[in-house]
Amino acid sequence: MIGLSVRRVEDRRFLEGGGRFIADLSLPGELHCALVRSPHAHARIRSIALPAGVAGFTGRDMAADGVGPMRAGWVLPGMVETPRYALARDTVRHVGEPVAAVFAETRALAEDLAEQVSVQYEELPLLQDETCFRWTRGELAPVEAAFSQAFKVVKLELVNNRLCGAAIETRGAVSTGDTLYCGTQAPHHIRRWVCEQLRLDEGRLRVVSRDMGGGFGYKGKHYPEETLVVWAARKLRRPVKWIAGRNESFLSDTQGRDHRTVAELAVSREGEFLGLKVRTVADVGAYVSTFGAAIPGPIYSALLAGVYRTPAVFVEVTGVYSNTVPTDAYRGAGRPEACYVLERLADQAARELGIDRAEIRRRNLISTMPYKTPIGPTYDSGNFPQIMERALAVSDYAGFSVRKNKSKENGRLRGIGLACFVESSGVAPSKLAGMMGARGGFYESAQVRVHPGGTVTAYLGTHNHGQGHETAYAQILASCLGLEIEDIKIVEGDTDAVPAGTGTFGSRSIAVGGSALSVAAGKVVEKGRRIAAHLLEASHQDISFKGGFFEVSGTDRRLSFAQIAGAAYVPHNYPHETLEPGLDENAFYDPPNFAFSNGAHVCEVEVDPETGRAEIVAYWTVDDVGTVINPLLVEGQIHGALAQGIGQALFERTAYEGGQLLSASFMDYALPRASDLPDPAGELDQSQPCTHNPLGAKGCGESGAIGAPAAVMSALLDALAPLGVTDLEMPATPHRVWQAIMNK
């Protein structure tokens, strides 16, 4: 079953209206919660007056109960962490920060009452690049030496624009006090952090996350509302429900990117990369969110060697506070930012040296594995030159001039762009993450429970929110155990069903969760071999398992998986002296290293010089994601990520002025529509599996978002090069492109 394009088994449930989303949940006696949010970017709270007779709470009520602050899930050395609470206590630091909560029998009534709450503020000056952390990688001295010997130093100032996740389903949370239902990618993380603030043992709170309409990283983080509804339900002794409005989402969901970077690349006369120096200022927003320091710090900086043999690299990232919504992981989470810096530098170096953009990459691509970069990571597998050459071939890169001339005849400017990237998928191994300040491990757990009839239920600590886990995990188990997919049930998103786990983010589910599942299935097979050996009166070393049957090697004596399951639970003839009855195995998998996905993207655009509108006319991807469990699912993941990467390049920008959010609705925040997106041609290269997990798998969920911004902007600048345009900021909206043309 591994490698087959099996259609998603969960689709029928969704198509028939059987999805279980947080807004669908209603509990008897529930109260609806509405939040009062600050209209000011930075202010001191002077007083809060609730309407008479209204059930409501402020930060002072939570403080009186001993509710603690929200702490970051990743604390870098020397990081200055500003206290953050579920309800603000003394000051607010961004527009939209919750300051009070009111409760009523209906949502509409709660929202009406919230408008009657009177809050007196004293406005404060806006923060100006207040330092949160400083993170460095590499040694500066070797880089400076490389710069002194270089034929040329290429320098760019770049902006990675701030983005909103904007999933189709807004966030929500419902709590009975003992159970928290919420749309989260990481139920076990949320349980840990809510219990930490409420001073509860983790065994006293169940967190359940069913179906979810999009996550994209930002729903894998801890939010004030999760702590608030659990505390309020305990306080009021009634279930509490909160569902965000779309405007609330723009004002409270963590946002992504927001880097200002100065990058310099030292090159030889022949275009050999000698040294790289990157200094980035990353805006973390008003508070450090869950992984808000790790994304621009350890994760982004680790990938700034990219796919190139640059012998000396130095990176300095300064995280700064601002009076804006906190930033955190958004699809790609540090990798798109790193790819954009490197690929823009490679293009600029090619331009200044008069070398073709593909050729300069060809001269610098890492060609041997394993490869330890000068800033830490060791790539275990990958054939970067092979991937790029295949992308050039399928896109007919060599024949581009013919297409360019044809566009010119039609009054259009045509450009081609190239981006190569490497992605650290699977998130950090627990030991490494702990060394970098993570508060918690990044292992994954799996339990394979075989029922007496031979069917199987698997329990995993990951979370399915569109990836197709019910299908992919079933394919893994079907291959391991010789079963049909219909005989397998997958359970995720419930901390009572799965006592320990980490969740789904950072392209980790198959590489880490799938590996845990494979290990657990292997334990089931091994126990089954011992049961079969007893029943078949043979040594267990002589028992082989294939195609769903345990058989004595070299004979026709065999027993089916279902027969062994039955014997395990009806143990009349059973090796009681060496084995307990039952067929139920657990496994934890903590990877020894990241899984390094990689790929190459080629993009072609046409620009109308009269309007500045850019249209993507063709897009090609070649991706190495290791062993592919289900090509259909991988294709869907790449397509979805491409849409978000293209959105960053051409459409999306979170805009603030004086701390006020100007893009707080879909009237002001431009998401790409289907008509704006290409029909990409994609290939998967499985020749370089991951060497250190049992499946050989690497992550696939973020590759499109990593490569697309760089590839699209490379193509756009190539199209505009004849007009003398050498730089553009993302998003390259028609107005920006037109203005750049007019300025020349």
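So the values come out like this:
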item	result
Condition met for G297 (open to solvent by less than 10 Å² (accessible area, probe 1.4 Å) and over 17 Å from T378 (Cβ atoms))	yes
2 or more residues of a type in the set (A, V, I, L, M) and at pLDDT 95 or above: qualifying strands (runs of 3 or more DSSP E) within segment 177-290	206-208, 240-243, 259-267, 273-285
Test: residue in segment 717-724 that is outside any loop (DSSP other than H, G, I, E, B), under 28 Å from S507 (Cβ atoms) and either open to solvent by 30 Å² or more (accessible area, probe 1.4 Å) or in contact with a Phe, Trp or Tyr (Cβ under 7 Å, 6 or more places away or on another chain) (or both)	no
Segment 717-744 residues that are within 20 Å of A349 (Cβ to Cβ), paired with ones that are open to solvent by 80 Å² or more (accessible area, probe 1.4 Å) (beta carbon under 7 Å, 6 or more apart)	G724/K744; V725/K744
Candidate set: segment 212-262, residues that are among the hydroxyl-bearing types (S, T, Y) and within 23 Å of R107 (Cα to Cα); chosen: the one surrounded by the most Cβ atoms within 10 Å (Cβ to Cβ)	T227
Count of segment 187-209 residues which are open to solvent by less than 10 Å² (accessible area, probe 1.4 Å) and closer than 18 Å to A86 by Cβ	8
Any hit, segment 142-165, residues being small (G, A, S), part of a strand (DSSP E or B), in contact (Cβ under 8 Å) with a residue 12 or more places away in the chain and open to solvent by 20 Å² or more (accessible area, probe 1.4 Å)	no
Qualifying position, being small (G, A, S), at pLDDT 95 or above and closer than 21 Å to L200 by Cβ, among G3, G66	G66
Scan of segment 635-665 for residues that are open to solvent by 30 Å² or more (accessible area, probe 1.4 Å) and over 23 Å from Q128 (Cα atoms), ordered by number	E635, G636, Q637, H639, F651, S665
Qualifying positions in segment 186-243 - among the polar types (S, T, N, Q) and either under 30 Å from D11 (Cβ atoms) or free of Cβ contacts under 8 Å to residues at least 24 places away in the same chain (or both)	S209
Scope segment 62-104; condition part of a helix (DSSP H, G or I) and either in contact (Cβ under 8 Å) with a residue 40 or more places away in the chain or in contact with a Gly (Cβ under 7 Å, 6 or more places away or on another chain) (or both); matching residues	M62
Residue in segment 702-711 that is on the phi < 0 side of the Ramachandran plot, open to solvent by 10 Å² or more (accessible area, probe 1.4 Å) and at pLDDT 95 or above present	yes
The one condition in (1) over 28 Å from the mean Cα position of the chain (by Cα); (2) among the acidic types (D, E); (3) surrounded by fewer than 14 Cβ atoms within 10 Å (Cβ to Cβ) that D11 fails to fulfil	(1)
Some residue of segment 46-55 being crowded, with 16+ Cβ neighbours inside 10 Å, at positive phi and touching a residue at least 24 places away in the same chain (Cβ under 8 Å)	no
Residue in segment 109-134 that is nearest to F314 (Cα to Cα), counting only those that are within 33 Å of the chain's Cα centre (by Cα) and open to solvent by 40 Å² or more (accessible area, probe 1.4 Å)	R134
Top-ranked residue of segment 511-528 - restricted to ones that are of a type outside the set (G, A, S) and open to solvent by less than 40 Å² (accessible area, probe 1.4 Å), ranked as nearest to G220 (Cα to Cα)	V512
Subset of segment 560-581 [crowded, with 17+ Cβ neighbours inside 10 Å and either at pLDDT below 95 or not polar (S, T, N, Q) (or both)]	F561, A562, I564, A565, G566, A567, A568, Y574
Residues within segment 368-383 that are within 28 Å of the chain's Cα centre (by Cα) and open to solvent by 30 Å² or more (accessible area, probe 1.4 Å), tallied	8
First in segment 479-502 and in contact (Cβ under 8 Å) with a residue 12 or more places away in the chain and surrounded by fewer than 17 Cβ atoms within 10 Å (Cβ to Cβ), second anywhere and in a helix (DSSP H, G or I) and small (G, A, S), Cβ under 7 Å, 6 or more apart	I485/A474; I485/A478
Segment 327-358, residues that are at positive phi and either of a type in the set (A, V, I, L, M) or open to solvent by 10 Å² or more (accessible area, probe 1.4 Å) (or both)	A333, G354
Scan of segment 306-326 for residues that are in a strand (DSSP E or B), over 24 Å from Y379 (Cβ atoms) and open to solvent by 10 Å² or more (accessible area, probe 1.4 Å), ordered by number	T318
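Conditions (1) farther than 20 Å from D347 by Cβ; (2) free of Cβ contacts under 8 Å to residues at least 12 places away in the same chain, marked per residue:
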site	(1), (2)
T368	yes, yes
P374	yes, no
S381	yes, no
M388	no, no
S395	no, no
S401	no, yes
K406	yes, yes
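The values are calculated or read from the model by the stated rules, or taken from the named source; none is laboratory data. All values derive from a computational prediction rather than experimental measurement. Please note: Cβ atoms are built from the backbone with ideal geometry, for glycine as well, and neighbour counts cover all protein chains shown. Only protein heavy atoms, including side chains, enter the accessible area calculation; ligands, DNA and RNA are left aside. Shrake-Rupley method; radii C 1.70, N 1.55, O 1.52, S 1.80 Å.
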